[in-house]
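Working notes for the structure below.
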Amino acid sequence: MHETKKNEQGFTLIEIMMSIVIIGILSGIVVSIINPKRQQDIATDAVNKTYVEKLVQAIGAACAGEGTCPATADPGVSTSTLRRIYLSQTPPSFNTGTGIYYIASGNTYSIYMAWASNTARYWKYDTTWDSIKECGAAGIGTIGTCAP
């Protein structure tokens, strides 16, 4: 007579494979939700906005201290008055000569810097509105305009 074992222990190969597939699907969903590249770009955008704020303060101090705003603001040049006197920490983008842009006309000026997460968007400060705004690429190179 054939006896059946009633106390068999362990998992079948199919059960283990199904568990692995489910774990793989769930981890893929979690990684796509977290999206580390996007999170890094958002953090970089926040740092870049802080750099623009520091430049606004430095250029404002240079305008007040020198009696006129700098014609160009190139903190990458170690001999520039802006860097030597008014800017204690140079933003990394200035060291490569890209990323932050400055235009001036008399005592009005604009500073703008591209976002890491969307290169068609810029942080832009303008003396016309005296604040930092999120602008589109259409307002680049002008003073007083911020395209949505």
For Lys49, only one of the following conditions fails: (1) out of contact with any helix residue (DSSP H, G or I) (no Cβ under 8 Å at 6 or more places or on another chain); (2) exposed (fewer than 14 other Cβ atoms within 10 Å of the Cβ); (3) modelled with pLDDT of 80 or more; (4) within 30 Å of Tyr122 (Cβ to Cβ). What is its number? (2)
Within the stretch 123-148, of all residues that are more than 15 Å from Thr50 (Cβ to Cβ) and touching a helix residue (DSSP H, G or I) at 6+ places or on another chain (Cβ under 8 Å), the one surrounded by the most Cβ atoms within 10 Å (Cβ to Cβ) is Cys146
List the number of the failed condition for Leu55; all other conditions in (1) in contact with a Leu (Cβ under 8 Å, 6 or more places away or on another chain); (2) at positive phi hold. (2)
Within the stretch 108-117, track down each residue that is more than 10 Å from Lys49 (Cα to Cα) and modelled with pLDDT of 80 or more. Thr108, Tyr109, Ser110, Ile111
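The values are calculated or read from the model by the stated rules, or taken from the named source; none is laboratory data. All figures in this text were calculated on a predicted structure; none of them were measured in a lab. Virtual Cβ from ideal backbone geometry, glycine too; neighbours counted across all protein chains shown.
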